[in-house]
Amino acid sequence: MYVYRTNVDEVLLDCTVIDEKGQIVNDLTQKNFRVWENGVPESINSVTHEDAPVSMGILVDNSGSMRDKRTAVNAAASKFLQDSNHADESFVVNFNDHAYLDQGFTTSLTALDRGLSHFDSKGYTALYDAVAASADQLSQHGKRRNQVLLIVTDGADDASHLTLQTAIRRVQNLGGPVVYAVGLTYEDDRHEADEARNALQTLADQTGGVAYFPKSLQDVGPIAEQVARDIRNQYVVDYHSSDPFSNGGYRTVRVEVSAPHHGRLYVRTKRGYYAEREKSLEQAQTKP
């Protein structure tokens, strides 16, 4: 299983900082950051800014309602992969009633495009099951510390065995990943659209990602480009938890940034994590 901490009681947070105009801010230093865990201020060891490669899952809705959208969605996903770090390792899941791993981890854009093309839009939408299965895939086989799920769907979950909260708990128990979601809900009735939006927003908020709700298919391409930029412009905040991991439990996390010359700034990062006993380096590198 992947372990994102290398020293006793050390926590690494991937953070994106934006200004009031929604623009990414990438010239900050350690002195600009403050961290609280369970409301207690923590001492920051270091803050770095880097374009680090990630382990990533691309999850695309393959239910019947996506039939007329998949060509445009696949084109946007392909452009997203081109704009991403070329050292990223990614896999492709097409999901309807079930989640299908149509391309395992690879850095090959050709193979990933081939995986995206394996669709036959039909059936219902088991989004939560697909998220949990993909988080497991990242945990078991991802080689990068940074982990991301990009989800594209056009409706509310109507087929999962898991609930939304169970899926989120599964993701949090595995120490990640960050969820970026694109909800194509503009054709849904109001009730279904609200349900889908709330679920995708919650997934993103709880993991430090972003949920987007384009008004048309034409907006998906620019959103994909924005997500690629976001992933490639993150800070890594390293701090030592004052509450030993041996105490276990879920810890809430809050990060604030102050840089007067930038005005008001906003930080996106995970809202918390489940503490685990530290594993040795040998254990951390061992796959199940």
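Counting only residues that are closer than 16 Å to Thr269 by Cα and either among the small types (Gly, Ala, Ser) or surrounded by 23 or more Cβ atoms within 10 Å (Cβ to Cβ) (or both), the stretch 133-167 holds 4 of them. If you go through the stretch 198-213 and keep only what is in contact (Cβ under 8 Å) with a residue 24 or more places away in the chain, in contact with a strand residue (DSSP E or B) (Cβ under 7 Å, 6 or more places away or on another chain) and surrounded by fewer than 18 Cβ atoms within 10 Å (Cβ to Cβ), you end up with just Phe213. For Ala52, the conditions (1) within 22 Å of the chain's Cα centre (by Cα); (2) not in a loop (DSSP other than H, G, I, E, B) all hold with the exception of (2). What do you reckon, is Ser65 modelled with pLDDT under 95, farther than 30 Å from Gly248 by Cβ and surrounded by 15 or more Cβ atoms within 10 Å (Cβ to Cβ)? Yes; evaluated as a whole, the condition is true for this residue.
The residue list Asn146, Asn74 contains one member that is modelled with pLDDT of 95 or more and touching a strand residue (DSSP E or B) at 6+ places or on another chain (Cβ under 9 Å), which is Asn74.
Yes or no, residue by residue, for (1) part of a helix (DSSP H, G or I); (2) buried (at least 20 other Cβ atoms within 10 Å of the Cβ); (3) in the same structural domain as Gly123 (by TED's automatic domain parsing):
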position: Asp14; (1), (2), (3): no, yes, no
position: Val17; (1), (2), (3): no, yes, no
position: Leu28; (1), (2), (3): no, no, no
position: Arg34; (1), (2), (3): no, no, no
position: Asn45; (1), (2), (3): no, no, no
position: Val60; (1), (2), (3): no, yes, yes
position: Val73; (1), (2), (3): yes, yes, yes
position: Phe80; (1), (2), (3): yes, yes, yes
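Pairing residues of the stretch 175-192 that are free of Cβ contacts under 8 Å to residues at least 60 places away in the same chain with residues that are assigned to a strand (DSSP E or B) and among the small types (Gly, Ala, Ser), at Cβ distances under 7 Å and at least 6 apart in sequence or on separate chains, gives Ala181/Ala211; Gly183/Ala211.
Selection of first residues in the stretch 66-90 that are β-branched (Val, Ile, Thr) and of second residues that are in a loop (DSSP other than H, G, I, E, B), restricted to Cβ pairs under 8 Å at least 6 apart or on distinct chains, gives the following pairs, ordered by first then second residue: Val73/Leu184. Per this entry, Val93 is counted among residues that are under 18 Å from Leu149 (Cβ atoms), of a type in the set (Val, Ile, Thr), in a strand (DSSP E or B) and in contact (Cβ under 8 Å) with a residue 12 or more places away in the chain.
The values are calculated or read from the model by the stated rules, or taken from the named source; none is laboratory data. Please read these numbers as outputs of a predicted model, since none were measured by experiment. Here the Cβ is made from the backbone with ideal geometry for all residues, glycine too, and neighbour counts use every protein chain on show.
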